[in-house]
Amino acid sequence: MQRRTFIAASIGSMASVAAGVPAAGELQSAAALGFGTMLRIVVVHPDRHQAARIMAQAFEQAHLVDRLMSIYNPASQVFQLNRDGALDYPDPHVLTVLGQAHALSVMSKGAFDITVQPLWRAYCDAASPSGRPTQRDRLIATSKVGWEKLALSSARVQFLKPGMQITLNGLAQGYAADLVLASLRANGIEHALVDTGEFTAHGRKPGNAPWILGVADPRQVGTLAATVRLDGRSLATSGDYASTFTPDFVHHHIFDPATGDSPQELASVTVAAPSGILADGLSTAFMVMGARKAHALAARLPDVDVMTINKRGIVWKSPGFPGAA
């Protein structure tokens, strides 16, 4: 089982009082399986049964994204694209996420690249005692990577190089969080916290208390590196600890497409952004880019802030990164 401690949600009493219209009702919560983990919604609503119905409907949005974008489900469009090398008439949700992936690749100058899936496969299939592929296998996998070689239109998605594959794991959960929150709001919910592995929230808890999240320490299990008061933005964390190939955290699930290996500087990146999909994608891109370039890019993007923690434990927060006060 992967160590899923990216960000721990807190709905207790640790939050301070915020100004604004009070949230009317009680905290209602629901959980469901998705993306190989547990999804959670917390809402403020006076009626438990009505809230349960609304949350169940919202979970369907996350399940839809999972069904479309899973790399493991043979019925998913991503699985079919990876198997066949092309996909005719992709679902609009798939097109939206692929479009965001392309924009992030351009923005990050290729640091974000959904075509790194061959590298993941090479590391998963490695038979060497080190847990890593041979240099030859890594070079072969790297030769199949290249975001510019993915042709995209509303009628067809196609790889322009043999053996290519994609993963949308760096975007799908953030996108799902956006859809879940939109569903809740469409059904009259004005105060909610959504956890799909990435977080988004709207409104406040009862008593005008804001939603508070704890950012996991990348090395000390059960310890928080920071607490964050959500300010209307989404929050996502990527870390070298989430899924590792070697116990020293040197080789893990995030790949630098330029080297064919994991980036070596950062242990954890947490991003606050206007949407879940953007926060999700940027957290991966920033892991690859390193702290200095990540902070420089975040400073140029509207309403984006970042906290980086390097492998020596040094924390760097951008000026607008939300605190707990």
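The values are calculated or read from the model by the stated rules, or taken from the named source; none is laboratory data. This one's a predicted model, so the numbers in the text were calculated from it and none came from an experiment. All Cβ positions, even for glycine, are placed from backbone atoms using ideal geometry, and neighbour counts span all protein chains on display.
Taking every residue in segment 81-95 that is under 24 Å from A177 (Cβ atoms) and pairing it with any residue that is assigned to a strand (DSSP E or B) and at pLDDT 95 or above, at least 6 positions away or on another chain, the pairs with Cβ-Cβ distances below 7 Å are L81/L87; L81/V157; P90/V157. Counting only residues that are under 18 Å from the mean Cα position of the chain (by Cα) and part of a strand (DSSP E or B), segment 277-325 holds 5 of them. Checking every residue in segment 290-303 against the condition of being of a type in the set (G, A, S), without any contact (Cβ under 8 Å) to a residue 12 or more places away in the chain and out of contact with any Phe, Trp or Tyr (no Cβ under 9 Å at 6 or more places or on another chain) gives at least one match.
Yes or no: G163 on the phi > 0 side of the Ramachandran plot, surrounded by fewer than 18 Cβ atoms within 10 Å (Cβ to Cβ) and not in a helix (DSSP H, G or I)? Judged against the criteria, G163 is a match. Between L171, L184, L193, the distinction of being in contact with an Asp or Glu (Cβ under 7 Å, 6 or more places away or on another chain) and modelled with pLDDT of 95 or more belongs to L171 only. Candidates T134, T96, T115, T142: the one that is polar (S, T, N, Q), within 25 Å of F249 (Cα to Cα) and within 22 Å of the chain's Cα centre (by Cα) is T115. Restrict the check to segment 255-263 and report whether at least one residue is in a strand (DSSP E or B), at pLDDT 95 or above and under 13 Å from the mean Cα position of the chain (by Cα). No, there is no match, as no residue in segment 255-263 is in a strand (DSSP E or B), at pLDDT 95 or above and under 13 Å from the mean Cα position of the chain (by Cα). Taking first residues from segment 104-128 that are under 19 Å from G276 (Cα atoms) and partners that are crowded, with 21+ Cβ neighbours inside 10 Å and at pLDDT below 95, the Cβ contacts under 8 Å between residues at least 6 apart in sequence or on separate chains come to F112/G170; I114/G170.
Would you point out the residue of segment 221-254, among those that are crowded, with 20+ Cβ neighbours inside 10 Å and of a type in the set (V, I, T), that is nearest to the chain's Cα centre (by Cα)? Step by step, filter segment 221-254, then rank; the result is T237. Among the conditions (1) crowded, with 22+ Cβ neighbours inside 10 Å; (2) modelled with pLDDT under 95; (3) of a type outside the set (S, T, Y), the only one that N208 does not satisfy is (1). If you go through segment 291-325 and keep only what is loosely packed, with under 13 Cβ neighbours inside 10 Å, of a type in the set (V, I, T) and in contact with a Pro (Cβ under 9 Å, 6 or more places away or on another chain), you end up with nothing.
Note on segment 168-200: residues that are small (G, A, S), assigned to a helix (DSSP H, G or I) and surrounded by fewer than 22 Cβ atoms within 10 Å (Cβ to Cβ) amount to 3.
Looking across T284, T259, one residue alone is in contact with a helix residue (DSSP H, G or I) (Cβ under 9 Å, 6 or more places away or on another chain), among the hydroxyl-bearing types (S, T, Y), within 30 Å of R136 (Cα to Cα) and surrounded by fewer than 21 Cβ atoms within 10 Å (Cβ to Cβ). It is T259. Scanning segment 304-324 for residues that are under 22 Å from F249 (Cβ atoms), hydrophobic (A, V, I, L, M, F, W, C) and touching a residue at least 12 places away in the same chain (Cβ under 8 Å) yields V306, M307, I309, V315, W316.
Of the listed requirements (1) out of contact with any Phe, Trp or Tyr (no Cβ under 9 Å at 6 or more places or on another chain); (2) farther than 21 Å from M287 by Cβ, T96 misses just one: (1). Give the residues of segment 55-93 that are crowded, with 22+ Cβ neighbours inside 10 Å and either among the β-branched types (V, I, T) or modelled with pLDDT under 95 (or both), sorted by residue number. Selection gives V65, V78.
Looking across segment 204-222, the residues that are assigned to a loop (DSSP other than H, G, I, E, B), farther than 22 Å from F286 by Cβ and touching a strand residue (DSSP E or B) at 6+ places or on another chain (Cβ under 9 Å) come down to R204, P210, W211, G222.
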